[in-house]
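Chemist: Dumping the structure here so I can ask a few things about it.
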Amino acid sequence: MEFLGIGYQELLLVLVLLLIVVGPERLPQMAYQIGRAVRQMQMYARAVRDEFKDEIDYLDEQYKTIRGEVDQAQRLMRDEQAKLDSGLREVNASIAEATSELSLDDKVVPFVATGNTNPAAAEPAAPTGPAQPPMVF
């Protein structure tokens, strides 16, 4: 079993050297300071982790809120598009019905002049030149 890439033999060697260098009377005090430093580092790491977790939770909540608004807007747009499509279909159907009723293909409408008995005046005058296109402004 290894601890941070250090085996039992290396760990035992470090402890023996620490005992020789520091001495038996200062070793408990040094172990206490090391333990306190490790606890403090764990506390800092926990605080950073909790802060990141809070930020990620906040961002996730904002994402869900915005996603819900987007989904609601999409549903609203689909509903409005369906209403518009059905309205356009109704308009197209009524236009088709009106054009079929007003179709002049199977009906002949005679021209009847009223009030003027002169046959020359009843007939339209013959065009004197080529037809001119309408003027567009």
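Chemist: Would it be correct to say that residue 50 is more than 29 Å from residue 14 (Cβ to Cβ) and within 29 Å of the chain's Cα centre (by Cα)?
Modeler: In short, no.
Chemist: Return yes or no: is residue 59 part of a helix (DSSP H, G or I), surrounded by 10 or more Cβ atoms within 10 Å (Cβ to Cβ) and at pLDDT below 95?
Modeler: no
The values are calculated or read from the model by the stated rules, or taken from the named source; none is laboratory data. Computed from a predicted structure; not experimentally measured. Here the Cβ is made from the backbone with ideal geometry for all residues, glycine too, and neighbour counts use every protein chain on show.
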